[in-house]
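The values are calculated or read from the model by the stated rules, or taken from the named source; none is laboratory data. Values in this document were obtained by computation on a predicted structure and should not be read as measured data. Cβ sites come from the backbone with ideal geometry, for glycine too, and all protein chains shown count toward neighbours. Heads up: the accessible areas ignore ligands, DNA and RNA and are worked out on the full protein's heavy atoms, side chains in. Shrake-Rupley method; radii C 1.70, N 1.55, O 1.52, S 1.80 Å.
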Amino acid sequence: MPKIAVLPGDGIGPEVTQETVKVLKVAAERFALSLVFEEGLLGGSAIDATGSPLPKETVRLCKESDAILFGAVGGPKWDALSTPIRPERGLLNLRRELSLYANLRPAKVFAALIDASPLKRAVVEGADILVVRELIGGIYYGDPKGIEKTPEGERAVDTCIYTTHEVKRIAEVAFQAALKRRRKVTSVDKANVMATSELWRGVVREVAEAYPEVTLEHMYSDNCAMQLVRDPKQFDVIVADNLFGDLLSDEAAMIVGSIGLLPSASLGTGTGLYEPVHGSAPDIAGKDLANPLAAILSAAMLLRYSLDHDEAARAVERAVEEVLHQGYRTIDIAQTGTKQISTKRMGDLVAEALAKG
Ligand code: IPM
Ligand code: MG
C-alpha cells in the first residue's frame, strides 16, 4: 500500500492540502490504489509545536513514505526569526535531506483560462513551458552564509557554489524531459557575470552533445525574464539554477493566469515531494478563498512520477480542466461571467468530476 506523507504546513497550506487529499482519495478509489496517508509537521506550525521547522519525526516519515504532499510554509508570525530557524528552512533542509535536486514546474495555459492571464491572449495562447529548476545547490545553500557584526556595521554573505556533477545531473533531467516534449532546451545563466554560470554553461553544452535531436540555446537570466512576457511560446524546457529557477517559475505562473495554478514535483534519488509553487498566502489563510488547483495538479504529478500511474494523473488533470470549463473559479482567477466558488467547493467539484470519470 503506497504511503503518502502529508505536510500541510502554514497559511493556506492546510486548506489546499485538505482538498488535494480529498481528490487523491477519489483517485485511489477509482484506480484501486489503496493509498495510506500520514500527516507530519513542517514550517511554522512545526516551530510552534516542537521548536524546529523540520522535526526529526517528519524526516523519518518522509523517508519511509512513497511520496510527499506538501502545502506551503511561512507567515508573518515567524518573520522576525533569523534564517536558520525560519519556517522556510524546514522546507529547504527537507529538500536537501531527501536529495531532491530536480524541481519540475510545468506552466501550461488552460484553454478555459486564457483571459485570466494579465498578458494578451495572442501572447499566451498555446504557451506550454516546463521550468526545470536545480533545487539543492547554488546560493540557497552555499557556505559561508549569514550576517556578522563588524566595526563598520553588519556584513551579510551568501555564497553561490555549483559543481560539475550538480549541473550535469540537472541538465540530464532537462534534456530527458525535452525528448518527450518539443525538443528544445533553453539554459538560463548569467555567464557574463558569474563564475558558477560560466561552469553551468560549459557543462550544459557538454551534456547536450548526447542529445543531438534537442536544440539547445543559452539565455541570460535577465533577458529570459523579459522574453517570458514578450513571447512565452518560444520556450519549451527552461533549465535554470536554484535562484533563477525560483524567479522565473513565478513569472511563468503569470502566463498561465495565476500562481494558484502551478504545480511542482521535486525529484531526486529518494522520495519525491509534490507542492504547489505558490506560498502560504497569509492574507487569505483560513478564509476558504485559496485556489487548491495548484496543489491538486501537484497530486497529479505525484501519481505520475512517484506512483507511476499516468492514467490516474491524466484523470485528475482532466477533472480540473472540466471544472474550469464549466466556469467555476476561485477568486484569484474569477472574471465576469464565471462562477466564483470557495476552496472547499473547488475541491468537491474536482473530486466529483474525477469520480464520474
Ligand atoms: C519556492 C519557494 C521557496 C523557495 C521558499 C518558500 C523557500 O519560493 O518553492 O519556490 O524559494 O524555494
Ligand atoms: Mg518561489
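Restricting attention to region 172-193, the residues that are open to solvent by less than 60 Å² (accessible area, probe 1.4 Å) and not acidic (Asp, Glu) add up to 13.
Scanning region 62-71 turns up at least one residue that is under 21 Å from Ile259 (Cβ atoms), within 16 Å of ligand 2 (Cβ to nearest atom) and in contact with a Phe, Trp or Tyr (Cβ under 8 Å, 6 or more places away or on another chain).
Which of the residues spanning region 202-211 are in contact with a His (Cβ under 9 Å, 6 or more places away or on another chain) and loosely packed, with under 15 Cβ neighbours inside 10 Å? Arg205 - this is the single residue of region 202-211 that is in contact with a His (Cβ under 9 Å, 6 or more places away or on another chain) and loosely packed, with under 15 Cβ neighbours inside 10 Å. Of the residues making up region 142-153, at least one is at negative phi and within 16 Å of ligand 1 (Cβ to nearest atom). Among residues of region 126-137 that are within 16 Å of ligand 2 (Cβ to nearest atom), those with a Cβ under 6 angstrom from a residue that is of a type in the set (Lys, Arg), sequence gap 6+ or separate chain, pair up as Val131/Arg105; Leu135/Arg95; Ile136/Arg95; Ile136/Arg96. Listed by first and then second residue, the pairs linking a residue in region 235-253 that is not assigned by TED's automatic domain parsing to the domain that holds Met194 to a residue that is within 11 Å of ligand 2 (Cβ to nearest atom) and among the aromatic types (Phe, Trp, Tyr), with Cβ atoms under 7 Å apart and 6 or more places separating them unless they lie on different chains, form an empty list. Flag set for Leu7, criterion: in contact with a strand residue (DSSP E or B) (Cβ under 9 Å, 6 or more places away or on another chain), touching a residue at least 60 places away in the same chain (Cβ under 8 Å) and assigned to a strand (DSSP E or B). For Tyr141, the conditions (1) buried (at least 21 other Cβ atoms within 10 Å of the Cβ); (2) within 16 Å of ligand 2 (Cβ to nearest atom) all hold with the exception of (1). Would you confirm, using the coordinates I've provided, whether Pro282 is touching a residue at least 24 places away in the same chain (Cβ under 8 Å), open to solvent by 40 Å² or more (accessible area, probe 1.4 Å), farther than 22 Å from Ala225 by Cα and more than 12 Å from ligand 2 (Cβ to nearest atom)? When the stated conditions are applied, Pro282 passes them. Restricting the first member to region 315-335 and to residues that are in a helix (DSSP H, G or I), and the second to residues that are open to solvent by 10 Å² or more (accessible area, probe 1.4 Å) and among the acidic types (Asp, Glu), the beta-carbon pairs closer than 9 Å and six or more apart or on different chains are Ala319/Glu352; Val323/Glu352.
Condition first: assigned to a helix (DSSP H, G or I) and farther than 19 Å from Pro276 by Cα. Now tell me which residues in region 229-247 satisfy that.
Within region 229-247, Val229, Arg230, Pro232, Lys233, Gln234 meet the criteria.
Scanning region 333-352 for residues that are touching a Leu at 6+ places or on another chain (Cβ under 8 Å) and either within 19 Å of Lys3 (Cα to Cα) or at pLDDT below 95 (or both) yields a single hit, Ile333.
For (1) under 30 Å from Ile4 (Cβ atoms); (2) under 17 Å from the mean Cα position of the chain (by Cα); (3) within 16 Å of ligand 1 (Cβ to nearest atom), each residue gets a yes or a no:
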{"site": "Lys184", "(1), (2), (3)": "no, no, no"}
{"site": "Ala191", "(1), (2), (3)": "no, no, no"}
{"site": "Trp200", "(1), (2), (3)": "no, no, no"}
{"site": "Val237", "(1), (2), (3)": "yes, yes, no"}
{"site": "Asp241", "(1), (2), (3)": "yes, yes, yes"}
{"site": "Ala253", "(1), (2), (3)": "yes, yes, yes"}
{"site": "Gly268", "(1), (2), (3)": "yes, yes, yes"}
{"site": "Ala281", "(1), (2), (3)": "yes, yes, yes"}
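Would you be able to say whether some residue in region 262-276 is open to solvent by 50 Å² or more (accessible area, probe 1.4 Å), at pLDDT 95 or above and more than 16 Å from ligand 2 (Cβ to nearest atom)? No, region 262-276 has no match at all.
Does Thr83 satisfy the condition of being out of contact with any Leu (no Cβ under 6 Å at 6 or more places or on another chain), modelled with pLDDT of 95 or more and surrounded by fewer than 18 Cβ atoms within 10 Å (Cβ to Cβ)? Answer is no for this residue.
Those residues that are acidic (Asp, Glu) and within 12 Å of ligand 1 (Cβ to nearest atom), I need them from region 83-115; list them, please. So that I can check it myself, show each step before the final result.
Taking region 83-115 first, the residues acidic (Asp, Glu) are 88, 97, 115.
Across region 83-115, the qualifying residue is only Glu88.
The condition of being at pLDDT below 95, closer than 27 Å to Val188 by Cβ and not in a loop (DSSP other than H, G, I, E, B) holds for only one of Met301, Met254, Met219, Met226, that being Met254.
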